[in-house]
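*Asks:* Questions regarding the structure given below will be posed in turn.
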Amino acid sequence: MGNKNWQQGLTNCLWATIIGLLIAGCAVPQVSAEERLFLDLSVEPVDHVVLPMESFDGTEVGGLSAIAYDRKRNQYYALSDDRQQPRVYTLALELSPTAINDAKLTSVTLLKDENGAAIAPLDAEGLALTPSNSLIISSEGSFRQQIPPKLQEFDLATGQLKNTLRLPDRYLFGTDSDGNAPKQQTQGIQENIGFEALTISAPGGSYEPFRLFAATEGPLYQDLDLDPEIPFKNRWLHYLIDPNSEGLGRSTLLSEHWYPMDDAPLGAVVNGLSEILAIDVGGHFLALERAFGLQGLSVKLYQLATGVATDTSAIATLQGDISGITPIRKQLVADLTPLAPDNLEAMALGPTLKDGSPSLILVSDNNFDSRQETQIWLFKLIGL
């Protein structure tokens with residue numbers, strides 16, 4: 001009997017060991033909380049072409065600072081940031097898994113005010129196509145010219161202004177003690193680094209609510225640290241839009257977040273967030289950061305996760321130590337600098353290519369400078 005118990009105990013011990021080894025061999029790999037925030041994304045460059053800086057329908061082709069893809073019509077809308085004649089081009093691209101086979105402009109629409117008159121001056125920089133086929137356009141504004149920044153809706157067919165979203169007061173220039181425009185800036189967007197980046201996330205139909213996201217290229221005046229060693233702290237706005245038959249309908253500002261810029265490269269004279277792009281409805285985005293200076297042009301593509309970011313809408317200034325605030329998280333997807341791109345400012349998800357790969361389109365702003373190019377880049381977006 002004792003011998004039997006001993007054998008049974010040995011058998012149980014062996015089985016426990018075997019089961020333990022099997023469980024260990026099938027264990028789920030340990031993944032950090034930071035890694036779970038992000039998708040496993042990468043990009044593969046395919047091809048790029050250059051649009052010549054020539055006349056099209058009475059306009060000079062250039063200054064393309066934003067692009068949106070119209071999946072229903074398989075065409076693109078590209079925004080020109082010509083301050084005196086802001087306009088939207090319709091662009092046709094013929095794409096394959098190995099090349100951009102053709103790129104051509106097919107029409108141009110001038111932006112107009114609500115009365116149908118010219119809307120200039122307007123420094124239009126960001127563009128998004130809504131599910132109800134209107135365009136939301138962000139403009140930077142200018143303290144020097146006392147032009148406030150704006151988020152506005154325009155009719156896709158006519159280019160006429162339909163609606164203007166309300167911005168938080170901190171983005172505006174305010175007034176002096178007499179209620180007049182201030183002679184010296186104390187708050188608001190800074191010159192030429194206002195609302196550059198814009199995107200929407202729209203899972204529903206034409207008149208279902210969608211989300212609009214806008215980010216500044218650089219910090220607000222009151223968020224700028226005097227120490228040049230401290231990276232820029234940009235602001236990011238998150239709206240919920242409940243559209244109706246007249247357009248944007250009701251808009252609600254849900255939250256605001258801190259977007260942490262990379263350190264500026266040594267000798268940089270420009271360093272900013274040039275574009276953002278929603279890639280799903282779960283709070284994942286792509287972002288383009290671009291710098292220019294003594295070391296030349298630098299362009300990096302990041303993936304963003306916004307879900308854990310602190311709401312900064314009640315925080316008056318981001319100057320100084322803000323260690324208690326959680327920023328938008330970001331992870332480098334690709335350093336595009338070795339590709340020698342020009343001044344990349346526009347980004348859109350394109351069609352699925354014939355090999356099943358999602359496409360990513362990037363476009364450069366030539367600043368209407370003959371020494372620069374309007375480049376159109378095609379990438380495969382892997383992992384989406």
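The values are calculated or read from the model by the stated rules, or taken from the named source; none is laboratory data. Just so we're clear, the structure is a prediction, and the values are computed from it rather than from any experiment. Heads up, the Cβs are rebuilt from the backbone with ideal geometry, glycines too, and the neighbour counts pull from every protein chain shown. Accessible surface is based on the protein model in full, side chains and every heavy atom, while ligands, DNA and RNA are left aside. Shrake-Rupley method; radii C 1.70, N 1.55, O 1.52, S 1.80 Å.
*Asks:* Considering only DSSP states other than H, G, I, E and B, which GluC sites (Glu not before Pro) in the stretch 152-237 qualify as loop sites with at most 12 other Cβ atoms within 10 Å? Each step should come with its number before you reach the end.
*Replies:* Numbers: sites: Glu153, Glu191, Glu196, Glu217, Glu229; in loops: Glu191, Glu217, Glu229.
Sparse-neighbourhood loop GluC sites (Glu not before Pro): Glu229.
*Asks:* Right, here's the next one. Roughly what would the spin-label model give for Arg166 and Asn101, points 7 Å off Cα along C-beta, in nm?
*Replies:* Calculated label separation equals 5.1 nm.
*Asks:* Roughly how far apart, in whole Å, are the Cα centres of the stretch 314-335 and the stretch 114-156?
*Replies:* Each part's Cα centre sits 27 Å from the other's.
*Asks:* Where in the stretch 239-316 are there GluC sites (Glu not before Pro) that are in a DSSP coil and have at most 14 other Cβ atoms within 10 angstrom of their Cβ?
*Replies:* Working: sites: Glu246, Glu256, Glu275, Glu289; in loops: Glu246.
Filter output for the stretch 239-316: Glu246.
*Asks:* Then there's this: If R₀ is 25 angstrom, what is the calculated FRET efficiency for the pair Arg144 and Asn367, using the beta carbon separation as r and rounding to 0.05? Before the final figure, lay out the partial values.
*Replies:* Values: r = 19 Å, r/R0 = 0.74.
E between Arg144 and Asn367, to the nearest 0.05, is 0.85.
*Asks:* Could you calculate the contour length gain from Thr310 to Ser323, that is, 0.36 nm times the residue separation minus the distance between their Cα atoms, to one decimal place in nm?
*Replies:* Working: separation 13, 0.36 × 13 = 4.68 nm, distance 1.13 nm.
Stretched fully, the Thr310-Ser323 segment lengthens by 3.6 nm.
*Asks:* In deg cm²/dmol and to the nearest 500, what is the mean residue ellipticity at 222 nm of the chain if only DSSP H runs of at least 4 residues count, each as -39500 (n - 2.57), divided by the residue total?
*Replies:* Details: 2 runs with 28 residues, N = 384.
Computed ellipticity for the chain at 222 nm equals -2500 deg cm²/dmol.
*Asks:* Then there's this: Between Leu240 and Gln75, take the C-beta separation as r, use R0 = 30 Å, and let me know the FRET efficiency to the nearest 0.05. Please list the in-between numbers first.
*Replies:* Numbers: r = 28 Å, r/R0 = 0.93.
For Leu240 and Gln75, the calculated efficiency is 0.60.
*Asks:* Helix 2-25: angle to the longest alpha-carbon principal axis of the chain, degrees 0 to 90, nearest 10?
*Replies:* The angle comes out at about 20 degrees.
*Asks:* In addition: State in Å² the accessible area per residue of the stretch 235-384; use a 1.4 Å probe, count heavy atoms of protein chains only, and round to the nearest integer. Present the calculation step by step, with values, prior to reporting the outcome.
*Replies:* On the way: 6050 Å² over 150 residues.
Value returned for the stretch 235-384: 40 Å² of accessible area per residue.
*Asks:* First compute the accessible area of the chain with a 1.4 Å probe, then give the percent of it belonging to carbon and sulfur atoms. Numbers along the way, then the final one.
*Replies:* Numbers: 9500 of 18140 Å².
Roughly 52 percent, rounded to a whole number.
*Asks:* Roughly how many nanometres apart are two label points built 7 Å out from the Cα toward the Cβ at Asp155 and Thr59?
*Replies:* For Asp155 paired with Thr59, the spin-label model returns 1.7 nm.
*Asks:* Connecting C-alpha atoms closer than 10 Å in a GNM of the chain, tell me which of Leu198, Leu301, Leu167 has the biggest fluctuation.
*Replies:* Leu167
*Asks:* What is the spin-label model distance, in nm, from Val269 to Ala340 if the labels are put 7 Å beyond Cα along the C-beta direction?
*Replies:* 2.2
*Asks:* Hey, in the GNM for the chain with a 10 angstrom Cα cutoff, which one of Ser274, Ser55, Ser132 fluctuates hardest?
*Replies:* Ser55
*Asks:* Let me ask something else about it. Using Cα springs under 10 Å in a Gaussian network model of the chain, which residue among Ala340, Ala68, Ala202 shows the largest mean-square fluctuation?
*Replies:* In this elastic network of the chain, the residue with the biggest mean-square fluctuation among Ala340, Ala68, Ala202 is Ala340.
*Asks:* Mind listing which chymotrypsin sites (Phe, Trp or Tyr not before Pro) in the stretch 333-384 are in a DSSP loop and have 15 or fewer other Cβ atoms within 10 Å?
*Replies:* Numbers: sites: Phe368, Trp377, Phe379; in loops: Phe368.
Passing both the DSSP loop test and the Cβ count: Phe368.
*Asks:* Still on this structure: Can you give the Rg to Rh ratio for the chain, taking only C-alpha atoms and Rh from Kirkwood? Each step should come with its number before you reach the end.
*Replies:* Working: Rg = 24.7 Å, Rh = 22.5 Å.
Rg/Rh: 1.10.
*Asks:* Sort out for me the Cα centre separation of the stretch 222-289 from the stretch 349-384, rounded to whole Å.
*Replies:* If we compute the Cα centre of each part, the gap is 21 Å.
*Asks:* Could you compute the FRET efficiency for Glu44 and Gln184, with r as their C-beta to C-beta distance and R0 at 35 Å, rounded to 0.05? Don't skip to the end; give the middle numbers.
*Replies:* Values: r = 49 Å, r/R0 = 1.41.
That pair, Glu44 with Gln184, gives E of 0.10.
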